[in-house]
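Every number in this text was worked out from the coordinates using simple rules, so none of it is lab data. Values in this document were obtained by computation on a predicted structure and should not be read as measured data. Here the Cβ is made from the backbone with ideal geometry for all residues, glycine too, and neighbour counts use every protein chain on show.
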2 protein chains.
Amino acid sequence: MLPSWNDTESKKAIIEFVERIATEDSTDFVPVPERIAVFDNDGTLWAEQPTMVEGFFTFDRIHEMVANDPAMKETQPFKAFLEKDVAAIHALGKRGIVEFVMKAHEAETQEAFKELVTDWFANAIHPHFKQPYTQCIYQPQLELLDYLRANGFKTFIVTGGGIEFVRTVAESIYSIPPEQVVGSSTKTQFDLKDKKVQVARLGELRSFDDREEKVVNINLHIGRRPLFVFGNSDGDLRMMQYTLSSDGPCMAMLLHHDDAQREVAYDKDFKLSPLNEALSVAKDWGIHIVSMKNDWNKVFAFQ
Amino acid sequence: MLPSWNDTESKKAIIEFVERIATEDSTDFVPVPERIAVFDNDGTLWAEQPTMVEGFFTFDRIHEMVANDPAMKETQPFKAFLEKDVAAIHALGKRGIVEFVMKAHEAETQEAFKELVTDWFANAIHPHFKQPYTQCIYQPQLELLDYLRANGFKTFIVTGGGIEFVRTVAESIYSIPPEQVVGSSTKTQFDLKDKKVQVARLGELRSFDDREEKVVNINLHIGRRPLFVFGNSDGDLRMMQYTLSSDGPCMAMLLHHDDAQREVAYDKDFKLSPLNEALSVAKDWGIHIVSMKNDWNKVFAFQ
Ligand SMILES: [Ca+2]
Ligand SMILES: [Ca+2]
C-alpha cells in the first residue's frame, strides 16, 4: 500500500483517515458518494519548476505564432516568452500569465485547442528532467489517487492551470476524466457553421481558478464540500480551509518541496506560486505537511 | 427492458443505438468513459405544468419573506408570485424568472439554501397531481437513465433551473450526483467567519443555462461532446445540435407532451419554454420525437 511513501507520520495519517471514514460501523463513516477528494495540479501532481508545464507549451506556441507574424517579436509579453525570460514572465503574476497563456495559441475552437495540446505533449521534453512532461508526475501521488479511488473516493483536479490544457492529459496520466477537472478558463461561445456546432474560444478570461476562486469553482462544479484536499501553495489555502471547516471528518495535506536532490527545494521565494501563509497557519488549521524529502522514497517513476 | 416504454420506433431506436455503441467489435463502438448522456430536467425528467417546480418553491418562499417585510407585497414581481399569477410570471420570460427565483429566498450560503430546499421538498405537494414533487417524475425516463448507466453511460442533467435547487434532489430521485448536475447559477463568494468557510450566495445571475449557454456549460463542466441528449423544448435545440454534429455515433431525443389525459398537451404555446423551432427542424437534424401518448405506457409511477 502506497509503496513510494515512507512509513512516516504522513502515510500513517492518510491510512488512518481513509480507514476511519470507510469503516461502516465507525462514527466517522462517510457514504461513498460523499467521498470527494480534490488535488491541485502544478507542484502537487506534476513538477512546476523552473516554470509551469503550460508555460513551456506557451513558449513553443509563441514561436509558431511569431513565425506567422514577425512584428509580434518585439511586443510584450511575447518577447519575454520568446526569450524564456522566466523572471520577466513571473513578474506578470500568476493571473497575468494565465490570461496570456489562454490567448497565446491559434486555436479557434476547444477541439482545435485540444489537438494542439495533444500533439505538443506527444513530442515535448522537459528541459530539466529530460523526459516527456507526462512523465514528470509524482509517483507517490499516483499511488495516493489510486488508493483513494480504491476506497470509494471520486478524485478531482482543481488547478490554476487552464481547464482544457489539463483535461487533455488528465485521463491518461492520472485516470481523472475531463468532467473531474476544474480549472482556469476562457470565455467560450456557441458556434454553428455548415451544420456543425463547435465551442469557440474567446480570448478573455472567464475564471482564474486560484485562492478564493478555487472554493467558488468547487461549489460550481462539484456541489459538495470535499473530504480530502491536497495542495502545495498559498493558492490552495482557501480550499484547504473550506475542506477543514466541514462538520464531519476531513483532511488537508500540503506538499513541501524540500528535496533539492531529487527535485527542487523552494517555497516562499517562488514568486509565481509561493508557499508562505499556508505554511505558517498549517498547525493552527490542522493541515498535514508532507515533506518530499522525508515522506517519499521515490519522486518520479523514471528516477 | 424499459418496461414503461411501448414497443414503438422510439424504444427500438434507443436499444439499437445503445447496443451499437456498446458492442466491442462494432465500428461504432465507444469506450465507456466517452459515453456521456445529458438530460434536460423541466418537462424532460419531471413535470413543468402549470409551471416549473422551482416556481412553486418560490411561491412558498415569498410568503415567508413577505411575512417578514409586508411592504414587499405591493412590489413586482413579488405581487405576481404572491397571487400565483402564472400569466404575469411567464411574461417575465424564462431568464427573468430564473433571475428572480435566484434571489427570492433568504439563504445567505449554499448550505443554508440547500436546507431550505430540502425542507420544502419534504413537505410540498404538487397542486395538480396531488403528490410530492419528487413523485412527479417520468417513470419511463427513470428506466432510461438506469438502462443507459447499466450500459456504461455517465448521466448528467443540463437544466435551465437553478443548479443548487436541482442538486438537492437529483441524487435521491434520479441517482444523479451533484457533480453531474449543470444548471443556471448565481454568483457566489468565498466567506470565512469564525474559522468556518461558507460559499455565500450573491443575488446576481452568473449563468442562465438555456439554449446556446447549455453548450457552453456542457463544455465547461463535462469537457466532452455528449453521445446522447434528451430534451423537450427549443431551449434544448442547441445542445441537440452540438451532440448531433459529432463525427462519431450520436443520438438526440425530444419529448413531445401530447398526452392531455395522463399529463398535459402543450408545445409552442407554452410561453415559458416553447417547443416550436426544435419540432420544425427535428427531421432535418435527425432528432427522434418521443410521443408521450404513444411511446409511453406509463407516465408517473403513482398513476
Ligand atoms: Ca500548485
Ligand atoms: Ca425543458
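Some observations on this one:
- Normalised alpha carbon radius of gyration of the stretch A:112-179 [divisor 2.2 N^0.38 Å]: 1.19
- Within the stretch A:1-94, the chymotrypsin sites (Phe, Trp or Tyr not before Pro) that combine a DSSP coil assignment with at most 15 other C-beta atoms in a 10 angstrom radius are A:29.
- The string of couplings for the stretch A:262-272 from the Karplus curve (6.51, -1.76, 1.60, θ = phi - 60°) is 8, 9, 9, 9, 7, 7, 6, 8, 7, 4, 4 Hz, one whole number per residue in order, with x for Gly and Pro.
- Computed [θ] at 222 nm, deg cm²/dmol, chain A (DSSP H ≥ 4; -39,500 (n - 2.57); rounded to nearest 500): -11500 deg cm²/dmol
- Longest DSSP-loop-exposure-free segment, trypsin sites (Lys or Arg not before Pro), chain A, at most 11 other Cβ within 10 Å: A:1-129
- Order of B:143, A:115 under a 10 Å beta carbon neighbour criterion, fewest first: A:115, B:143
- Rg/Rh for the stretch A:195-303, where both radii come from Cα atoms and Rh is the Kirkwood radius: 1.07
- Sorted by Cβ neighbour density within 10 Å, fewest at the top, the residues A:281, B:199: A:281, B:199
- Label-point separation in nm, residue A:194 to residue B:281, each point 7 Å along Cα→Cβ: 1.8 nm
- Charged-residue dipole, Cβ positions (Lys, Arg, Asp, Glu), chain A about Cα centre, Debye nearest 20: 300 debye
- Here the dipole of the stretch B:158-303 is about 440 debye; that uses its Cα centre as origin and unit charges on the Cβ of Lys and Arg (positive) and Asp and Glu (negative).
- Amide H contacts of residue A:5 (H built 1.01 Å from N, under 5 Å, at least 5 apart or other chain): A:297
- Ordering B:180, B:150, B:200 by Cα displacement along the dipole of the stretch B:142-264 toward the positive end leaves B:200 in first place; charges were set at the Cβ atoms of Lys, Arg (+1) and Asp, Glu (-1).
- Dipole axis of chain A (+1 Lys, Arg; -1 Asp, Glu on Cβ), positive-most option in A:159, A:240, A:128: A:159
- Shielding by other protein chains, A:179-192, mean Cβ within 10 Å: 4
- In degrees, nearest ten, helix B:53-68 long axis to first principal axis of chain B (Cα): 10 degrees
- On Cα atoms only, tilt of B:93-103 relative to the major axis of chain B in degrees: 50 degrees
- Cβ-to-Cβ counts within 10 Å put B:218, B:62, A:289 in ascending order as A:289, B:62, B:218, the fewest first.
- Put simply, the Cα atoms of chain A extend 65, 49, 32 Å along their principal axes, the longest span coming first.
- Under 15 Å, Cβ to Cβ, from residue A:194 - net charge with Lys/Arg +1 and Asp/Glu -1: -2
- The mean number of partner chain beta-carbon atoms within 10 angstrom of a residue's beta-carbon across peptide A:242-251 is 2.
- Between B:90, B:252, B:264, the Cα set farthest toward the positive side of the dipole of the stretch B:9-295 (charges on each charged residue's Cβ, about the Cα centre) is that of B:90.
- Under Karplus coefficients 6.51, -1.76 and 1.60, residue-wise ³J(HN,Hα) of the stretch A:20-35 in Hz, glycine/proline x: 5, 7, 9, 8, 4, 9, 6, 5, 9, 4, 10, x, 3, x, 8, 7
- For the stretch B:121-268: rounded, prolate or oblate by the Cα gyration tensor [a/c cutoff 1.5]: oblate
- For the pair residue B:72 and residue B:205 in one chain, pulling the backbone fully straight at 0.36 nm per residue adds 45.8 nm over the alpha carbon distance.
- Residues whose placed amide H lies under 5 Å from that of residue B:290, excluding near-sequence neighbours: B:254, B:255, B:256
- The stretch A:281-295 - phi-based ³J(HN,Hα) in whole Hz, Karplus 6.51/-1.76/1.60, Gly and Pro as x: 9, 4, 5, 4, 8, x, 7, 7, 8, 9, 8, 4, 5, 8, 8
- Sequence-distant lysines (8 or more away, or on other chains) whose Cα lies within less than 29 Å of residue A:193: A:103, A:114, B:94, B:154, B:214, B:268, B:271, B:283
- Distant-in-sequence amide H partners of residue B:187 (H built 1.01 Å from N, under 5 Å): B:202, B:204, B:205, B:206
- Modelled this way, with points 7 Å down the Cα-to-C-beta line, the labels at residue B:13 and residue B:87 are 3.7 nm from one another.
- Simple Cβ-charge dipole of the stretch B:28-177, Lys/Arg +1 and Asp/Glu -1, about Cα centre, in debye nearest 20: 240 debye
- Peptide B:212-221, shielding by other chains (average Cβ, 10 Å cutoff): 6
- Intensity falloff of the protein assembly as shown expressed as log10 I(q)/I(0), Debye formula with alpha-carbon point scatterers, at q = 0.06, 0.09 Å⁻¹: -0.34, -0.76
- Using alpha-carbon coordinates, inclination of helix A:139-150 to the longest axis of chain A, degrees: 60 degrees
- Over the stretch A:1-81, all Cα pairs binned in 5 Å intervals from 0 give whole-percent P(r) values of 3, 11, 12, 12, 12, 9, 7, 6, 7, 8, 7, 4, 1, 0, listed from short to long.
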